[in-house]
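Reading through the C-alpha cells given below for one structure.
The values are calculated or read from the model by the stated rules, or taken from the named source; none is laboratory data. Nothing here was measured: the structure is a model prediction, and the numbers come from that model. FYI the Cβ positions are ideal-geometry reconstructions off the backbone, even for glycines, and counts take in every protein chain you see. These accessible areas exclude ligands, DNA and RNA; they are computed on the full protein's heavy atoms, side chains included. Shrake-Rupley method; radii C 1.70, N 1.55, O 1.52, S 1.80 Å.
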Amino acid sequence: MGKVSLSGIKVVDVHAHPFSASKELETPVSFLRKLSLSVIPEMFSSIDRIEKHQPYPGSNMWIQLLLRSMSNYYGCEEDLKSIVDIRNKKAKDYSAYSIELFEDVNLVGTIMDFGYPQPPLNRKEFEKLCGTQVWEISRIEPVMTSLGKQNLSFDDFMEKYQNQLTRDLSKEEVVGLKTIIAYRSGLEVQEMNKEDAEKAYQEFLENDRSPAKAFRDYCFHIAMEACTKADKFMHIHTGIGDGEVVMTKASPSFLLDTLRKEKYKNTKVHLVHGGYPWMEEAAFIVSILPNVYMDISLQNPFTGHGVERIISQVLELAPFDKVMYGSDAFTVPEMNWMGVKLFIECFERVLNGWVEKDYMSAEKARYIGEMILYKNFEEAYQIKL
Ligand SMILES: [Zn+2]
C-alpha cells in the first residue's frame with residue numbers, strides 16, 4: 001500500500017451513455033457481448049468448449065479485469081457462469097443493483113450522451129434508475145438527420161438547424177453540444193464555405209451517413225458558434241471509437257487549426273476520449289489553449305492495464321486542471337462501476353510513484369486526484385455538486 005489513497009473521493013464521469021433496465025436474464029455469451037466494445041457479433045459465440053484456465057474466445061484484458069473484479073465483489077469463482085448467475089439474481093431489481101454499484105464507487109454524477117443508444121432514453125428515468133445526477137450533451141448529428149428528412153432548401157435547413165441548437169443549449173440540464181464528425185468526414189475541418197456546403201448538402205440528403213464534408217464542416221462551425229454564444233461546451237469525439245471512425249483523420253492534431261482561431265478564443269471545448277490513441281496530442285492542445293479540456297474515457301476502462309500508462313502519459317504535458325475522469329460506459333452498470341475502480345487503482349499507482357520519487361507530497365498527490373475525479377468538472381462546468 002502506497003501513501004496516497006483516493007478512496008472516499010466522489011467521482012463525476014464526464015462521458016458515458018445511458019442504459020435501460022434490462023428485464024432479460026443474461027447468458028454468459030450475451031453478457032460478454034454487452035461488455036465488449038466490439039461490434040462484430042460473432043466475436044463471442046460459445047463458451048462451451050473452453051478448457052480450464054483458457055480465456056474466453058475474443059476476450060481481452062478489459063474483460064479479464066472486469067470478471068476478476070466482479071468475482072471479488074460477489075465472492076464467487078472467477079468463472080463466467082457463476083458470475084452471471086449471481087448477476088442475474090442481483091439485477092432482478094435493476095435499479096437497486098445499479099444504485100448499489102454506483103454507490104460502491106462513489107459515482108455521484110455523470111454527463112451523459114443520449115445520442116447513443118437510439119431512440120434516446122429518458123434522462124429523468126435514468127437518473128432514478130441509478131440514483132445519480134445526470135447532465136446532458138446534445139448531439140448535432142441527429143438534429144441534422146431529422147431536418148434532412150424535411151426536404152428543406154439549404155438556407156431553410158441552416159436556419160432551423162441553428163434555432164434547434166439554440167433551443168437545446170437553452171435547457172438547464174444540457175451542458176453542451178456534441179459532434180461525431182470524426183465518424184463521418186474526419187476532424188480536419190475547413191473554414192465555412194457556403195457554396196461547397198450547399199453542394200455537399202445534396203450528398204447528405206441522399207445519404208445522411210455520407211461524408212458530405214463541406215456540409216458537415218459548415219454545421220460544425222454553426223455548432224461552435226452556438227456554444228460560444230450560450231457559453232456552453234462543445235464536445236468533440238476524438239480518437240478511435242466504433243468501427244466506422246475515419247481513423248486517418250481522427251487524431252486531435254487535425255483540430256488545432258480550428259481551435260486556435262481568434263473567433264473560438266472563448267469557446268469551451270471538451271475533447272471526448274482525449275484523442276486515444278493520440279492522447280499526447282490532446283494533452284498538448286489542452287496545454288496551449290485555455291478553454292480546451294480533455295477526458296480520459298473509453299481508453300479507461302477499455303485498455304485494461306493500459307490505463308496506468310495512459311494517466312501517466314497524459315499528465316506529462318496536460319495541466320492538472322485540464323483533465324477529467326470518464327468511462328464511455330454504454331450498456332450495463334458494471335461498466336460504470338469498473339471504470340471508476342480501474343481508474344482509481346491505476347491513478348493511485350501513478351500518484352504513489354510520484355510521491356516515492358519525491359516529486360510531491362502525498363497531500364498534493366491526493367489533491368490532484370480530487371481535481372481529476374470531480375473538482376475540474378465543477379470548475380470547468382460551473383456546477384457545484
Ligand atoms: Zn461515447
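Of everything in the range 298-315 that is within 16 Å of the ligand (Cβ to nearest atom) and assigned to a helix (DSSP H, G or I), the residue that is most open to solvent (accessible area, probe 1.4 Å) is PHE302. Every listed requirement among (1) open to solvent by less than 20 Å² (accessible area, probe 1.4 Å); (2) farther than 20 Å from ALA226 by Cα; (3) away from the ligand (no atom under 16 Å from the Cβ) is met by SER153 save one, (1).
Counting the residues of the range 63-77 that are assigned to a loop (DSSP other than H, G, I, E, B) and surrounded by 14 or more Cβ atoms within 10 Å (Cβ to Cβ) gives 1.
I'd like to know if the range 234-253 contains one or more residues that are free of Cβ contacts under 8 Å to residues at least 60 places away in the same chain, open to solvent by less than 10 Å² (accessible area, probe 1.4 Å) and in a helix (DSSP H, G or I). No. For VAL189, are the conditions met, namely being part of a loop (DSSP other than H, G, I, E, B), crowded, with 21+ Cβ neighbours inside 10 Å, at pLDDT 95 or above and not small (Gly, Ala, Ser)? So VAL189 fits the description; yes.
Only one of the numbered conditions (1) out of contact with any strand residue (DSSP E or B) (no Cβ under 6 Å at 6 or more places or on another chain); (2) open to solvent by 10 Å² or more (accessible area, probe 1.4 Å); (3) modelled with pLDDT of 95 or more is not met by TRP135, and that is (1).
Residue-wise test of (1) surrounded by 19 or more Cβ atoms within 10 Å (Cβ to Cβ); (2) in a helix (DSSP H, G or I); (3) in contact with a strand residue (DSSP E or B) (Cβ under 6 Å, 6 or more places away or on another chain); (4) modelled with pLDDT under 95.
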residue: MET224; (1), (2), (3), (4): yes, yes, yes, no
residue: CYS227; (1), (2), (3), (4): yes, yes, yes, no
residue: ASP257; (1), (2), (3), (4): no, yes, no, no
residue: LYS263; (1), (2), (3), (4): no, yes, no, no
residue: GLY274; (1), (2), (3), (4): yes, yes, yes, no
residue: PRO277; (1), (2), (3), (4): no, no, no, no
residue: PHE284; (1), (2), (3), (4): no, yes, no, no
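Within the range 319-332, which residues are more than 14 Å from the chain's Cα centre (by Cα) and crowded, with 24+ Cβ neighbours inside 10 Å? Hit for the range 319-332 is LYS322, nothing else.
Take the residues in the range 193-210 that are assigned to a loop (DSSP other than H, G, I, E, B) and open to solvent by 70 Å² or more (accessible area, probe 1.4 Å), then tell me which one is nearest to ASP257 (Cα to Cα). Among residues in the range 193-210 that are assigned to a loop (DSSP other than H, G, I, E, B) and open to solvent by 70 Å² or more (accessible area, probe 1.4 Å), the one nearest to ASP257 (Cα to Cα) is ARG209. Candidates are the residues of the range 28-40 that are within 16 Å of the ligand (Cβ to nearest atom) and assigned to a loop (DSSP other than H, G, I, E, B); the one that is most open to solvent (accessible area, probe 1.4 Å) is VAL39.
Checked against the criterion of being within 24 Å of HIS235 (Cβ to Cβ) and either within 16 Å of the ligand (Cβ to nearest atom) or not assigned by TED's automatic domain parsing to the domain that holds ASP242 (or both), the candidates PHE330, PHE347 yield just one match: PHE330. A search for C-beta distances below 6 Å between a residue of the range 10-27 that is at negative phi and more than 16 Å from the ligand (Cβ to nearest atom) and any residue that is open to solvent by less than 10 Å² (accessible area, probe 1.4 Å) and among the β-branched types (Val, Ile, Thr), counting only pairs 6+ apart in sequence or on different chains, returns VAL11/VAL340; GLU26/VAL84. Tell me, please, whether a residue that is assigned by TED's automatic domain parsing to the domain that holds CYS227, outside any loop (DSSP other than H, G, I, E, B), open to solvent by 20 Å² or more (accessible area, probe 1.4 Å) and acidic (Asp, Glu) can be found in the range 108-122. The answer is no, given that none of the residues of the range 108-122 is assigned by TED's automatic domain parsing to the domain that holds CYS227, outside any loop (DSSP other than H, G, I, E, B), open to solvent by 20 Å² or more (accessible area, probe 1.4 Å) and acidic (Asp, Glu). Residues in the range 45-93 that are hydroxyl-bearing (Ser, Thr, Tyr) and either over 23 Å from THR132 (Cβ atoms) or assigned by TED's automatic domain parsing to the domain that holds HIS305 (or both): SER45, SER46, TYR56, SER59, SER71, SER82.
VAL84 is checked against (1) open to solvent by 30 Å² or more (accessible area, probe 1.4 Å); (2) more than 20 Å from SER297 (Cα to Cα) and fails just one. What number does that condition carry? (1) is the only condition that VAL84 fails.
Taken together, the residues in the range 349-370 that are closer than 15 Å to VAL314 by Cα, open to solvent by 30 Å² or more (accessible area, probe 1.4 Å) and touching a residue at least 40 places away in the same chain (Cβ under 8 Å) amount to 1. Kindly indicate whether any position in the range 156-178 is within 22 Å of VAL246 (Cα to Cα), without any contact (Cβ under 8 Å) to a residue 60 or more places away in the chain and within 16 Å of the ligand (Cβ to nearest atom). Scanning the range 156-178, I find at least one residue that is within 22 Å of VAL246 (Cα to Cα), without any contact (Cβ under 8 Å) to a residue 60 or more places away in the chain and within 16 Å of the ligand (Cβ to nearest atom), so the answer is yes. Scanning the range 123-139 for residues that are part of a helix (DSSP H, G or I) and either among the polar types (S, T, N, Q) or in contact with an Asp or Glu (Cβ under 9 Å, 6 or more places away or on another chain) (or both) yields a single hit, ARG123.
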